[in-house]
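Data first, discussion second: the structure below is written as structure tokens.
The values are calculated or read from the model by the stated rules, or taken from the named source; none is laboratory data. The model shown is predicted, which means the values in this text are computed figures rather than measured ones. As a convention, Cβ positions derive from the backbone with ideal geometry for all residues, glycine included, and neighbour counts pool all protein chains shown. Heads up: the accessible areas ignore ligands, DNA and RNA and are worked out on the full protein's heavy atoms, side chains in. Shrake-Rupley method; radii C 1.70, N 1.55, O 1.52, S 1.80 Å.
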Amino acid sequence: NRAAVLGDITICELFAGDVEASIASARELRDLAPEYCRGLQRVAVVLAHGGHLDEAAAALARVQDLQEDFDADYVRETYPYVKPEHFEMFVEGLRRAGWTG
């Protein structure tokens, strides 16, 4: 359960503009639960927004290894953010990490 909560905290910190705190939470999440695919999705987004592109790409690669159906439809269906700018920020982080979905 801690990993799931950290995933939420990680993204909330990013959306609130506290990128440094978000990066720290993302790294903690990655280290705590390296097989938690949903968490790694958020790790990739946050690290990419923080400019840590190699780490972000590695997290995204792990997501793609763990989840074959990680595509645009999945992202759209499972990240229904209320504010469109949050969804766009999420997708932009994935793209910076190397996602082409």
message: I need a count of the residues in the range 1-14 that are open to solvent by less than 50 Å² (accessible area, probe 1.4 Å) and out of contact with any Lys or Arg (no Cβ under 8 Å at 6 or more places or on another chain).
response: 4
message: Take the residues in the range 48-66 that are touching a residue at least 12 places away in the same chain (Cβ under 8 Å) and touching a Phe, Trp or Tyr at 6+ places or on another chain (Cβ under 8 Å); name whichever of them is nearest to residue 24 (Cα to Cα).
response: 60
- request: Would you point out the residue of the range 87-101, among those that are open to solvent by less than 100 Å² (accessible area, probe 1.4 Å) and touching a His at 6+ places or on another chain (Cβ under 9 Å), that is nearest to residue 59 (Cα to Cα)?
  value: 93
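Listed residues 84, 80; which is modelled with pLDDT under 95 and loosely packed, with under 14 Cβ neighbours inside 10 Å?
Just a single option satisfies the conditions, and that option is 80.
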- prompt: Does the range 36-47 contain any residue that is of a type in the set (Gly, Ala, Ser), in contact (Cβ under 8 Å) with a residue 12 or more places away in the chain and out of contact with any Asp or Glu (no Cβ under 9 Å at 6 or more places or on another chain)?
  reply: yes
- prompt: Could we say that residue 62 is open to solvent by less than 70 Å² (accessible area, probe 1.4 Å) and either of a type in the set (Lys, Arg) or at pLDDT below 95 (or both) here?
  reply: no
message: Residues to consider are 44, 33; find the one that is more than 21 Å from residue 87 (Cβ to Cβ) and modelled with pLDDT of 95 or more.
response: 33
